[in-house]
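Enquirer: Structure provided below as structure tokens; questions to follow.
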């Protein structure tokens, strides 16, 4: 089985982002970029499938500008066999990304498409679902556990009510949640080897994909600060205030 | 130092291994490849990426860069803001100051021809140049120790990953560090490098040198209202909130106008300060309320925060540079020119000189066991030596005579004698020996931060984007765990609580009235001040798990 | 004029309160608000939805295939109803149910989606959080297309009761896949809810003083049916294990009620609770920064306050 994994270049999760003073966006000047952490988990899962003999080949794909190749190199250092760089310099909406990933999927015909559940920059949490919808294949989002058995996968999903188990026919899109696994540390020799692994570069035109409608961002603002509320003097007042807010 | 035979480690071999991707290390790497493109050169860096741990003012003198990459402008080096004006103030109190007439400013403080930059950004650019030449750079991999065999440095071993708090292997995560062996190893860890410190001791490199002296630099990056912003303006000050006449607390402050309405503001406090109640962090916070600073910062927004120790001992504090199989370069060696408050160009030059020496030795078939004597020889013949010689008395005058009188002496030496007064001053008291007992010291009542110009420590550390894996052995090691509470607390009111700019050290009162020394290692911004200033020299800074530490964007 | 379809979330035959929050948001857009219930047998759920203020009609599509919330099965039906009914907006809650479902609906309809609406500026202009809420973007959707969106539950109160909309049974002509099958649901185990998803959380800080003293925190939490968290200071002091840590380097949570006990409120801790509905602070230090962000603050000795509070709840 082939496993396809999509990875996205995002602002590193340790960076405290700052909104620009003029509201035109977030300050990305000199900011550290990394692979989206949920994509790392997806990547790790794919490599474990390969190590377990379930997958024969792991292919990483990214959509982005020239620098996104750094994240593909990380994916290759994790253990992907090869990588596809869909070079797009503009921002890509989730639906456009889904169209691109659909085209890559159709070209590669993987048995499983792993992704992170969402990217930590725009927090959209849409691309996996949209890709599987366009492909007309099953989706298993928020995966906390994944078992492959022949042409079926059993996925334990982390939902609000608890842990939901579903079974899907393969191929399917599975999106990784935090507890699916803990990604390994990359080793220096693997990082070196990754430099020599093949990366294929394609454009949206090569894939025959046109951009889908998206949203226009008109303003970016810092989150409203929380303000101090009331001070109570006694426990009775506290209980009354909680009741007043319908919290107890 | 590393005789860890129990662990099987991967080994990679290089011609030259460089520890630290700062200006010295990257310049050395670039120079090596320029001398011989076939050399295998590798740079390890403890930060999560190149530049993540770089913090400097910074005013940059392009002399070394002109030599290393003459067409830096065409290649897009981030030197965007030329210095347009130098203002120097003597601060007489919390609102008083007088501006020093240009005539009396020591020549070393003139910045015509220099640039206001983010050194972090310059290092990222240098990293790209180095990689384009074929240098392998590995961020997120700290060198934990030197490999020393038969007295010869053979490379370094990177830190183990996946150890828990007790140092035990974490299930499925433990990844042993690997050996990076080089015919020569250049140490460019920056000020008070933790391996450099051990090498200096082991090879007795500082036997003939004066003690090194240090300062702590605390810096913030601000975005200020456009109408207050004057790109290229440089403001320096001495005196309040530190001493102007006395010598108990010395230092100086800076405010540089970069591009895009950004200003860098900071305070350098000499670690020779005497009052254990002094808090460099709080001195810096109150400094920003002085009208000289407030006039620019008011209405602005703080973007980033960080701190780093720096060496200021100068020429006579520089230890021996070489040992079998390797060399110290940059601030790991101590090449900062304190008279100019600049160390980037000197660090770069020292890296280039060491690289030349290594390239020459390798060309001659050197296998690395030897001592690169041609490096100190070339140093003596270089403009770097001349520059440091002229500045040799600068810091000492200030230490001995204070900001005003010492400053006057510096004016006389630098402007009238070109830095060549016919004598050399020495300062032999180490920075950890200067504190007076708490019982004889005056407590300092710092004002509460207002949340607009001044802030508390934890919200500041937040803006350094520092992060460490929580479940790992503490990288701040106490030789004797009882000293903080049993000795430092009664004698010096445990100064670590105050000299640490990141809130790492706390003395916590237990419910039963007992006291406990708490180390919040995850807050650490890797400034190394604790390793320097602890009066008992009981704290040893070692590298945490790879990638840990601050994530500075443009510092 | 907008015509908004709100997808109802229900579990165990009960309308989930998240639906009422989505209705509230839809009402702010204005126009007709209709609720769609997809269930095996959804009459009573539909009747509950009909009582929500602002709802003008409830559509109930019964189908055995709708017995479980499988996005692959539900999405084609929603897309079909939305397109046939000429709806300008399709809203769902940003619960895991809605997060799973709504993007699939949007893709089938070929339109963009707005995730996590936290404010409505107009029929096609909304605020939504990015970077884990560290920035807010105002987005403009194409007014020539239907808007599919999820509604951030924490930003909206539930719509009130008192409505009396008509409930209409419909049948939806959509092809439903069989490639996805529901196996089962294991509710988060134990007596104490999971910290990450609990609607109420009680956390203790260094002020609690010891591992033994943490009992007062656990006792109050059990009384409230709340999860238990801790500040980093409490974890570092060894009072509780690391997995209970709330904050920048611990868990980032958004309960409806967060009670911070003996926690000073460093920014690193606040980063973990900035989306909490109501923050209650109990601390003996009246200058503690936690009071600057607490909705309700009480200065006092936690060892007196907590037992008293527990008794009076």
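Enquirer: Condition first: at pLDDT below 90 and in a loop (DSSP other than H, G, I, E, B). Now tell me which residues in region C:225-254 satisfy that.
Expert: C:237, C:238, C:241, C:247, C:248, C:249, C:250, C:252, C:253, C:254
Enquirer: When the residues of region C:167-188 are narrowed to those that are touching a helix residue (DSSP H, G or I) at 6+ places or on another chain (Cβ under 6 Å) and assigned to a strand (DSSP E or B), which ends up farthest from residue C:1 (Cα to Cα)? I'd like the intermediate steps shown before the answer.
Expert: Step one: filter region C:167-188 for residues touching a helix residue (DSSP H, G or I) at 6+ places or on another chain (Cβ under 6 Å), giving C:167, C:172, C:174, C:176-177, C:180.
Narrowing the set further to residues that are assigned to a strand (DSSP E or B) leaves C:167, C:180.
Details: C:167: 22, C:180: 37 Å.
Only one residue tops the list, namely C:180.
Enquirer: Across region B:149-174, what is the total count of residues that are surrounded by fewer than 22 Cβ atoms within 10 Å (Cβ to Cβ), at negative phi and either in a strand (DSSP E or B) or within 14 Å of chain A (Cβ to nearest Cβ) (or both)?
Expert: Residues flagged as surrounded by fewer than 22 Cβ atoms within 10 Å (Cβ to Cβ), at negative phi and either in a strand (DSSP E or B) or within 14 Å of chain A (Cβ to nearest Cβ) (or both) within region B:149-174 amount to 9.
Enquirer: Further question on the same structure: State yes or no: is residue B:131 surrounded by fewer than 18 Cβ atoms within 10 Å (Cβ to Cβ), more than 14 Å from chain A (Cβ to nearest Cβ), more than 30 Å from residue B:253 (Cα to Cα) and at pLDDT 95 or above?
Expert: Taking the combined requirement at face value, the residue does not satisfy it.
Enquirer: Kindly indicate whether residue B:353 is farther than 26 Å from residue B:250 by Cβ, part of a helix (DSSP H, G or I) and free of Cβ contacts under 8 Å to residues at least 40 places away in the same chain.
Expert: Yes; evaluated as a whole, the condition is true for this residue.
Enquirer: Go through region B:362-378 and count every residue that is crowded, with 22+ Cβ neighbours inside 10 Å and in a helix (DSSP H, G or I). Write out each step before concluding.
Expert: We begin by selecting, within region B:362-378, every residue crowded, with 22+ Cβ neighbours inside 10 Å; these are B:368, B:372, B:375.
Remaining after also requiring in a helix (DSSP H, G or I): B:375.
Number of matching residues: 1.
Enquirer: Residues C:112, C:149, C:135: which one is over 26 Å from residue C:76 (Cβ atoms) and either in contact (Cβ under 8 Å) with a residue 12 or more places away in the chain or within 7 Å of another protein chain (Cβ to nearest Cβ) (or both)?
Expert: Numbers: C:112 fails: over 26 Å from residue C:76 (Cβ atoms); C:149 fails: over 26 Å from residue C:76 (Cβ atoms).
Being over 26 Å from residue C:76 (Cβ atoms) and either in contact (Cβ under 8 Å) with a residue 12 or more places away in the chain or within 7 Å of another protein chain (Cβ to nearest Cβ) (or both) holds for just one of C:112, C:149, C:135, which is C:135.
Enquirer: Would you be able to say whether some residue in region C:205-216 is in contact with a strand residue (DSSP E or B) (Cβ under 6 Å, 6 or more places away or on another chain), crowded, with 24+ Cβ neighbours inside 10 Å and in contact (Cβ under 8 Å) with a residue 12 or more places away in the chain?
Expert: No, region C:205-216 contains no residue that is in contact with a strand residue (DSSP E or B) (Cβ under 6 Å, 6 or more places away or on another chain), crowded, with 24+ Cβ neighbours inside 10 Å and in contact (Cβ under 8 Å) with a residue 12 or more places away in the chain.
Enquirer: Go through the residues of region B:40-62 one by one and say whether even a single one is in contact with a helix residue (DSSP H, G or I) (Cβ under 6 Å, 6 or more places away or on another chain) and more than 30 Å from residue B:236 (Cα to Cα).
Expert: Yes, region B:40-62 contains a residue that is in contact with a helix residue (DSSP H, G or I) (Cβ under 6 Å, 6 or more places away or on another chain) and more than 30 Å from residue B:236 (Cα to Cα).
Enquirer: Right, here's the next one. Of all the residues that make up region A:136-151, how many are under 26 Å from residue C:98 (Cβ atoms) and over 18 Å from the mean Cα position of the chain (by Cα)?
Expert: 2
Enquirer: Now, a different point. Considering each of C:164, C:197 in turn, give the residue that is farther than 30 Å from residue A:239 by Cβ and part of a loop (DSSP other than H, G, I, E, B).
Expert: C:164
Enquirer: Filter region B:176-199 down to the residues that are crowded, with 22+ Cβ neighbours inside 10 Å, in a strand (DSSP E or B) and out of contact with any helix residue (DSSP H, G or I) (no Cβ under 7 Å at 6 or more places or on another chain) and list them by number.
Expert: B:180, B:182, B:185
Enquirer: Tell me the residue from B:241, B:231 that is in contact (Cβ under 8 Å) with a residue 40 or more places away in the chain, away from chain A (no Cβ under 14 Å) and farther than 27 Å from residue B:435 by Cα, please.
Expert: Details: B:241 fails: farther than 27 Å from residue B:435 by Cα.
Going through B:241, B:231 in turn, the sole match is B:231.
Enquirer: Which helices (runs of 4 or more DSSP H) sit wholly inside region A:170-248 and have at least 3 residues that are within 8 Å of chain C (Cβ to nearest Cβ)?
Expert: Result: A:235-244.
Enquirer: What's the number of the condition residue A:151 fails, among (1) farther than 30 Å from residue C:15 by Cα; (2) crowded, with 24+ Cβ neighbours inside 10 Å?
Expert: Among (1) farther than 30 Å from residue C:15 by Cα; (2) crowded, with 24+ Cβ neighbours inside 10 Å, the lone unmet condition for residue A:151 is (2).
Enquirer: Is it true that some residue in region C:152-161 is in a strand (DSSP E or B) and more than 8 Å from chain A (Cβ to nearest Cβ)?
Expert: no
Enquirer: When you scan region B:104-115, do you find a residue that is more than 13 Å from every other protein chain (Cβ to nearest Cβ), in a loop (DSSP other than H, G, I, E, B) and over 25 Å from residue B:350 (Cα atoms), even just one?
Expert: Yes, there is a match, as at least one residue in region B:104-115 is more than 13 Å from every other protein chain (Cβ to nearest Cβ), in a loop (DSSP other than H, G, I, E, B) and over 25 Å from residue B:350 (Cα atoms).
Enquirer: If I ask for residues that are away from chain C (no Cβ under 14 Å), in a loop (DSSP other than H, G, I, E, B) and under 23 Å from the mean Cα position of the chain (by Cα), which ones from region B:450-492 would you list?
Expert: Once the filter is applied, which keeps residues that are away from chain C (no Cβ under 14 Å), in a loop (DSSP other than H, G, I, E, B) and under 23 Å from the mean Cα position of the chain (by Cα), region B:450-492 yields only B:475.
Enquirer: Another one. List, please: which pairs have Cβ atoms under 7 Å, are six or more places apart or on different chains, and start with a residue in region A:138-159 that is facing chain C (nearest Cβ under 7 Å) and end with one that is crowded, with 24+ Cβ neighbours inside 10 Å and part of a loop (DSSP other than H, G, I, E, B)?
Expert: Qualifying pairs under 7 Å: A:141/A:117; A:142/A:117.
Enquirer: Further, regarding this structure: Exactly one condition in (1) within 11 Å of chain A (Cβ to nearest Cβ); (2) crowded, with 22+ Cβ neighbours inside 10 Å; (3) part of a strand (DSSP E or B) is not met by residue C:92; state its number.
Expert: (1)
Enquirer: It is to be established whether one or more residues within region C:270-281 are in contact with a helix residue (DSSP H, G or I) (Cβ under 6 Å, 6 or more places away or on another chain) and at the interface with chain B (Cβ under 9 Å from one of its Cβ atoms).
Expert: No - not one qualifying residue is present in region C:270-281.
Enquirer: Which of the strands (runs of 3 or more DSSP E) contained wholly in region A:1-94 include at least 1 residues that are within 14 Å of another protein chain (Cβ to nearest Cβ)?
Expert: Output list reads A:9-11, A:33-35.
Enquirer: Now for a separate question. Among what's in region B:293-325 and is out of contact with any helix residue (DSSP H, G or I) (no Cβ under 8 Å at 6 or more places or on another chain) and assigned to a strand (DSSP E or B), pick the residue that is nearest to residue B:282 (Cα to Cα).
Expert: Checked region B:293-325; the qualifying residue nearest to residue B:282 (Cα to Cα) is B:306.
Enquirer: Step by step: first the residues of region C:115-125, then only those that are more than 8 Å from chain A (Cβ to nearest Cβ) and in a strand (DSSP E or B), then the one that is surrounded by the most Cβ atoms within 10 Å (Cβ to Cβ). Which residue is that? Break it down stepwise before answering.
Expert: Applying the first criterion (more than 8 Å from chain A (Cβ to nearest Cβ)) to region C:115-125 yields C:117-124.
Then keep just the ones that are in a strand (DSSP E or B); that gives C:117, C:119-122.
Working: C:117: 25, C:119: 16, C:120: 20, C:121: 15, C:122: 13.
In this case the residue turns out to be C:117.
Enquirer: Okay, moving on. Taking the condition within 14 Å of chain A (Cβ to nearest Cβ) and surrounded by fewer than 24 Cβ atoms within 10 Å (Cβ to Cβ), does residue C:105 pass?
Expert: Values: within 14 Å of chain A (Cβ to nearest Cβ): yes; surrounded by fewer than 24 Cβ atoms within 10 Å (Cβ to Cβ): no.
No; evaluated as a whole, the condition is false for this residue.
The values are calculated or read from the model by the stated rules, or taken from the named source; none is laboratory data. Computed from a prediction, not measured in an experiment: that's the story for all the values here. Note that each Cβ is placed from the backbone with ideal geometry, even for glycine, and that neighbours are counted across all protein chains shown.
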